[in-house]
Amino acid sequence: MFPERITNYIKNAAYTMNDVGLSGSRVYIFDRYVLKVQPKSEETDNEFEILNWLDGACPAPKILEYVKEDRLAYTLMTKIGGEMLCDEKYMKDPQRLIALAAQALKMLWTVDVKDCPCSFSRLDRRLAEARKNVENGTVDMDDAESETFGPGGFADPAELLQWLENNRPEEDLVLTHGDFCLPNVFAQGDEITGFIDNGKMGPADRWQDISILLRSLQRNFNGKYTGGVPYEGYEDSMLLDALGIEMDPEKNRYYMLLDELF
């Protein structure tokens, strides 16, 4: 079922399946390990490279085996403890949730990226990947924010791409997760225990993460994932206050729009 290097670790251990947020992937949850099976790509290579480069500099899984076989990538890694930041106990306590989210961002920002060999997350690469998605017709417009396309927005993904290429901001490089939404950050009590789904991780502008996190917070608190039942007590200003920064509306919009093409 799995390559030999993988079965040498997992043997015949019991597992459960989790496919939340991983289109086209299969995730096997073992007692001590997580095995992610997905089409091999630059993103799967990047996750392997960036986590090895980090070598414990911030809490993230340790890669035990990375095998590419028959167009698939098998990534076996250690299991992160705790619960996702979208867990009910955090959603019902917005101040606690925001403090954890800010703690997680600051953990990433303290990592020195000067010598990081991974460039997958840089804006040049992201725009090149966005162009591929547009040219191949793989942009899911149904999943976009309502104001992105149509009246008052962009006519189509091609027009959005052109705008992104013409209006790219200067990058303020920090270590970013690349897909900093609540299910990808784990905590136990009041401590961050780790980041998962790290295929887009690497040096990029800090607003790459802030913009996606703000959207994730809005969607979760507005009840998008709870059948329309909202949670109370959240405002966007809470995150910015916890980070000690002011809103940068231009960068926030830019990186939000960039994500619409993925």
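Loop-only GluC sites (Glu not before Pro) in the stretch 182-262, please: DSSP not H, G, I, E or B, and at most 15 other Cβ atoms within 10 Å.
Details: sites: E191, E232, E235, E246, E250, E260; in loops: E232, E235, E246, E260.
Those satisfying the criteria are E232, E235, E246.
Could you give log10 I(q)/I(0) at q = 0.12, 0.13, 0.18 Å⁻¹ for the stretch 143-199, computed by the Debye formula over C-alpha point scatterers of equal weight, without solvent?
Here the Debye-derived log intensity ratios amount to -0.53, -0.60, -0.86.
Starting from the 7 Å offset along Cα-to-Cβ, what nm value, one decimal, do you get for the label separation of E135 and Q95?
According to this spin-label approximation, the distance is 5.2 nm.
Against the 2.2 N^0.38 Å scaling, with N counting residues, where does the stretch 158-262 land? I'd like the Cα-based Rg ratio to two decimal places.
On the way: Rg = 14.7 Å, N = 105, 2.2 N^0.38 = 12.9 Å.
My calculation over the Cα atoms of the stretch 158-262 gives 1.14.
How far apart, in nm, are the 7 Å Cα→Cβ label points at R32 and T110?
Rounded to a tenth, the inter-label distance reads 2.9 nm.
Expressed as a whole percentage, what fraction of the accessible surface of the chain belongs to carbon and sulfur atoms when a 1.4 Å probe is rolled over the protein heavy atoms? Provide the component values of the computation, followed by the final result.
Numbers: 6000 of 13180 Å².
Using a 1.4 Å probe with all protein chains present, the chain comes out at 45 percent carbon and sulfur.
In whole Å, how far is the Cα centre of the stretch 130-158 from that of the stretch 20-62?
A separation of 28 Å, based on Cα centres.
Tell me, rounded to the nearest percent, the portion of alpha carbon pairs in the stretch 75-151 spaced more than 22 Å apart. Mind showing how you got there, number by number?
Values: 1761 of 2926 pairs.
For the stretch 75-151, the share of Cα pairs beyond 22 Å comes to 60 percent.
Give the average over all directions of the projected area of the C-alpha convex hull of the stretch 1-95, one decimal, in nm².
The directionally averaged projection comes out at 7.4 nm².
With θ taken as phi - 60° and the coefficients 6.51, -1.76 and 1.60, list the Karplus ³J(HN,Hα) couplings across the stretch 48-56 in order, rounded to whole Hz; mark glycine and proline as x.
Here the 3J(HN,Hα) series is 4, 5, 6, 5, 5, 5, 4, 6, x Hz.
Given R₀ = 25 Å, what would the calculated FRET efficiency be for T16 paired with V67, taking r from the Cβ atoms and rounding to 0.05? Don't skip to the answer; put the middle values down first.
On the way: r = 22 Å, r/R0 = 0.86.
Efficiency, from the Cβ-Cβ distance: 0.70.
If you roll a 1.4 Å probe over the heavy atoms of the protein chains, what accessible area per residue do you get for the stretch 200-249, in Å²? Don't skip to the answer; put the middle values down first.
Details: 2220 Å² over 50 residues.
Per-residue accessible area for the stretch 200-249 comes out at 44 Å².
How far apart, in nanometres, would the label points at S146 and R5 be if each is projected 7 angstrom from Cα along the Cα-to-Cβ direction?
4.8
Going through the cross-link list K11/K36; K106/K224; K40/K62; K40/K251, which pairs have a Cα-Cα distance over 24 Å in this structure?
Values: K11/K36 16 Å; K106/K224 27 Å; K40/K62 19 Å; K40/K251 31 Å.
Long pairs (Cα-Cα over 24 Å): K106/K224; K40/K251.
Taking a quarter of the surface of the convex hull around the Cα atoms of the chain, what do you get in nm²?
On the way: hull surface 58.4 nm².
Mean orientational projected area (the chain, Cα hull): 14.6 nm².
Any idea how far the Cα center of the stretch 66-114 sits from the one of the stretch 186-239, in Å?
Centre-to-centre (Cα) distance: 10 Å.
Starting from the Kirkwood radius over alpha-carbon pairs of the stretch 62-190, derive D by Stokes-Einstein at 37 °C in a medium of 0.692 mPa s and give it in µm² s⁻¹.
Details: Rh = 18.2 Å.
Approximately 180 µm²/s, per Stokes-Einstein.
The values are calculated or read from the model by the stated rules, or taken from the named source; none is laboratory data. If you're wondering where the values come from, they're calculated on a predicted model, not measured in any experiment. Every residue, glycine as well, gets a Cβ built from its backbone with ideal geometry; the counts of neighbours run over all protein chains shown. Heads up: the accessible areas ignore ligands, DNA and RNA and are worked out on the full protein's heavy atoms, side chains in. Shrake-Rupley method; radii C 1.70, N 1.55, O 1.52, S 1.80 Å.
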